[in-house]
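Take a look at the structure below.
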Amino acid sequence: MNRLSRRKRSLIEVFAVPALLALTTMVGLVAGLTGQGAPDVLAWLLLALPLGALALAWARRSRSN
Amino acid sequence: MTSSAVRNWYLVHKWSSLIPTLFLLMLCITGLPLIFHDEIDAFTDGNIEATLHGPPSADSGQPLDAILTRALKQRPGEVPLFMAFSQDSSLLTVTTGPTPDAPGREMTLLLFDRATGKPLGPVPAGGVVDFLLQFHTDMFLGLPGSLVLGAMGILFLVALISGAVLYAPFMRRNRFGILRLGRNRRVGWLDQHNLLGIVALAWMAVVGATGAINAFGDPLVDSWKNGELAQMTAARGPVMPLPPSRYSSLDRAMAAARAALPGRSPQFIGFPGGSYSSKRHYAVFFQGDTPLTQYLLTPALIDAETGKLTDARDMPPLNQALMMSKPLHFGDYGGLPLKLIWAALDLAAIWVLGTGVLLWLRRKPGAVESRIVEIHSGGVVGAAG
């Protein structure tokens with residue numbers, strides 16, 4: 001298969017997930033500052049999303065180039 | 001994106017990354033244990049605060065004057081510089097020095113239990129945490145070292161932006177999260193570099209920006225001291241230095257400060273002549289009264305001779321940004337889980353730096369153009385072989 005023949009994705013497609021992760025990261029960082037308890041838990045969940053994305057990508061890694 | 005645009009962004013990314021790489025690696029590695037500074041301190045020194053059961057020293061306890069008298073008895077001939085309070089325990093610290101403007105290395109820190117007024121013995125040596133923090137802050141080079149690290153932080157931000165721009169042409173033909181770890185190692189490094197870099201982008205940007213703000217913070221504090229504090233005191237005419245023998249009651253000063261800023265909790269008192277006050281004022285620094293503003297300090301200036309309020313006003317926005325940037329840089333504001341996430345993201349940043357260096361070291365001989373083709377094709381062409 002010639003990979004280069006695949007359709008080019010639009011900028012919106014390319015940056016959809018990264019932009020979402022950036023947004024959740026920023027909300028998480030500020031949420032943690034706003035108090036103890038629930039805001040902290042929200043911060044943990046939101047800031048763990050990038051790590052979750054890494055875990056998912058690792059699980060789906062391919063052994064071919 | 002045109003090839004020449006990719007080429008320009010590639011060159012920006014290359015140089016804004018290569019120049020600060022070693023500094024950034026040092027910062028990431030020394031920063032990793034610093035995330036857990038509370039835990040390390042508690043483990044190596046025994047946690048003094050955990051052994052105290054009185055009310056928070058910021059709220060109540062023995063009179064401040066009595067504790068200050070005890071402190072000065074331990075350090076005859078010295079003058080008080082700072083008195084700091086805890087919001088969590090009855091721990092109270094007094095800093096003394098030979099002169100009101102004594103430099104940090106000549107200061108002595110004394111610990112007290114405000115509930116009983118008793119001294120808590122010598123301060124445990126900071127040891128490894130202090131060493132790492134100093135290295136992380138200025139590499140033991142003082143202000144110049146701090147400014148160099150701040151500049152490296154700004155280059156890091158440029159590298160993040162240019163890296164995110166290059167992510168677009170690279171990923172045009174790839175799905176998000178692609179990790180091709182086959183026989184071609186270079187494609188694997190490219191994918192790891194892009195994936196880790198893009199998912200940790202916002203975190204790296206915040207930690208990088210707040211780090212740079214902190215690095216340039218010392219001059220900021222100075223300019224605030226020279227400008228705002230001077231303004232606050234100038235209204236009362238020229239300020240003559242006040243000898244320590246004429247300092248009046250600290251408890252009365254604290255009462256006047258609390259009356260000016262009701263509902264807020266005091267963090268520390270800067271004594272006259274020091275770097276956080278004027279020549280004749282007690283500067284009582286209060287933290288904000290909401291969770292979001294608790295990292296912002298508001299000083300109340302109390303005339304150290306008369307015990308009367310001179311002025312109380314918020315810090316200027318730049319200084320407020322400096323105060324807010326500390327927790328956002330250290331990640332120590334959301335309990336242990338946040339610290340663990342901080343550590344994981346720090347490791348991700350190290351990996352991004354490492355794969356970046358590998359991609360540069362193991363590049364194929366040849367012109368920049370082959371790297372441009374590599375980026376444009378999403379790693380399929382140019383990286384092969």
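The values are calculated or read from the model by the stated rules, or taken from the named source; none is laboratory data. Since the structure is predicted, the reported quantities are computational estimates derived from the model, not experimental observations. Ideal geometry is used to build each Cβ from the backbone, glycine not excepted, and the neighbour counts take in all protein chains shown.
In the set B:Leu147, B:Leu120, B:Leu133, B:Leu141, which member is in contact with a strand residue (DSSP E or B) (Cβ under 6 Å, 6 or more places away or on another chain) and more than 30 Å from B:Val6 (Cα to Cα)?
On inspection, the qualifying residue turns out to be B:Leu120.
Exactly one of (1) surrounded by fewer than 18 Cβ atoms within 10 Å (Cβ to Cβ); (2) within 14 Å of chain A (Cβ to nearest Cβ) is unmet by B:Asp130. Its number?
The one condition B:Asp130 does not meet is (2).
Looking at segment A:37-65 only, could you name the residues that are part of a helix (DSSP H, G or I), without any contact (Cβ under 8 Å) to a residue 12 or more places away in the chain and more than 7 Å from every other protein chain (Cβ to nearest Cβ)?
A:Ala38, A:Pro39, A:Val41, A:Gly52, A:Ala55, A:Ala59
Filtering segment B:49-60 down to residues that are small (Gly, Ala, Ser) and within 15 Å of B:Leu120 (Cα to Cα), which residue is surrounded by the fewest Cβ atoms within 10 Å (Cβ to Cβ)?
So, considering only residues that are small (Gly, Ala, Ser) and within 15 Å of B:Leu120 (Cα to Cα), the one surrounded by the fewest Cβ atoms within 10 Å (Cβ to Cβ) is B:Ala50.
If you take the residues in segment B:77-125 that are among the acidic types (Asp, Glu) and either surrounded by 15 or more Cβ atoms within 10 Å (Cβ to Cβ) or in contact (Cβ under 8 Å) with a residue 24 or more places away in the chain (or both), which one is farthest from B:Gly274 (Cα to Cα)? Explain how you work it out, then say what you get.
Step one: list which residues in segment B:77-125 are among the acidic types (Asp, Glu), which gives B:78, B:88, B:101, B:106, B:113.
Narrowing the set further to residues that are either surrounded by 15 or more Cβ atoms within 10 Å (Cβ to Cβ) or in contact (Cβ under 8 Å) with a residue 24 or more places away in the chain (or both) leaves B:78, B:88, B:101, B:113.
Numbers: B:Glu78: 13, B:Asp88: 26, B:Asp101: 5, B:Asp113: 24 Å.
That would be B:Asp88.
Take the conditions closer than 22 Å to A:Asp40 by Cα, among the β-branched types (Val, Ile, Thr) and either assigned to a helix (DSSP H, G or I) or without any contact (Cβ under 8 Å) to a residue 24 or more places away in the chain (or both) and apply them to B:Ile372. Does it pass?
no
In the set B:Leu292, B:Leu301, which member is under 27 Å from the mean Cα position of the chain (by Cα) and either at pLDDT below 85 or within 30 Å of A:Ala31 (Cβ to Cβ) (or both)?
None of the other options fit; the residue is B:Leu292.
Can you tell me which of B:Gly61, B:Gly54 is on the phi > 0 side of the Ramachandran plot and touching a residue at least 24 places away in the same chain (Cβ under 8 Å)?
Result: B:Gly61 is the single residue among B:Gly61, B:Gly54 that is on the phi > 0 side of the Ramachandran plot and touching a residue at least 24 places away in the same chain (Cβ under 8 Å).
Give me the pairs, please: first residue somewhere in segment B:327-346 and under 22 Å from B:Ala215 (Cα atoms), second residue anywhere and among the acidic types (Asp, Glu), beta-carbon distance under 9 Å, and either six or more positions apart or on two chains.
From segment B:327-346, the pairs are B:Gly331/B:Asp346; B:Asp332/B:Asp38; B:Tyr333/A:Asp40; B:Lys339/B:Asp38; B:Lys339/B:Glu39; B:Lys339/B:Asp332; B:Trp342/B:Asp332.
Quick one: is B:Ile341 within 11 Å of chain A (Cβ to nearest Cβ), crowded, with 16+ Cβ neighbours inside 10 Å and either within 23 Å of the chain's Cα centre (by Cα) or at pLDDT 85 or above (or both)?
Values: within 11 Å of chain A (Cβ to nearest Cβ): yes; crowded, with 16+ Cβ neighbours inside 10 Å: yes; either within 23 Å of the chain's Cα centre (by Cα) or at pLDDT 85 or above (or both): yes.
Yes.
For B:Ala205, indicate whether it is in a helix (DSSP H, G or I) and modelled with pLDDT of 90 or more.
yes
Would you tally the residues in segment A:8-29 being more than 7 Å from every other protein chain (Cβ to nearest Cβ) and surrounded by fewer than 17 Cβ atoms within 10 Å (Cβ to Cβ)?
Residues flagged as more than 7 Å from every other protein chain (Cβ to nearest Cβ) and surrounded by fewer than 17 Cβ atoms within 10 Å (Cβ to Cβ) within segment A:8-29 amount to 8.
Tell me the residue from B:Val207, B:Val199, B:Val187 that is at the interface with chain A (Cβ under 10 Å from one of its Cβ atoms), crowded, with 21+ Cβ neighbours inside 10 Å and in contact with a strand residue (DSSP E or B) (Cβ under 9 Å, 6 or more places away or on another chain), please. Reasoning before the result, please.
On the way: B:Val207 fails: in contact with a strand residue (DSSP E or B) (Cβ under 9 Å, 6 or more places away or on another chain); B:Val199 fails: in contact with a strand residue (DSSP E or B) (Cβ under 9 Å, 6 or more places away or on another chain).
The unique qualifying residue is B:Val187.
Answer with yes or no whether B:Pro169 is surrounded by fewer than 17 Cβ atoms within 10 Å (Cβ to Cβ) and either out of contact with any Leu (no Cβ under 6 Å at 6 or more places or on another chain) or not polar (S, T, N, Q) (or both).
No, not satisfied.
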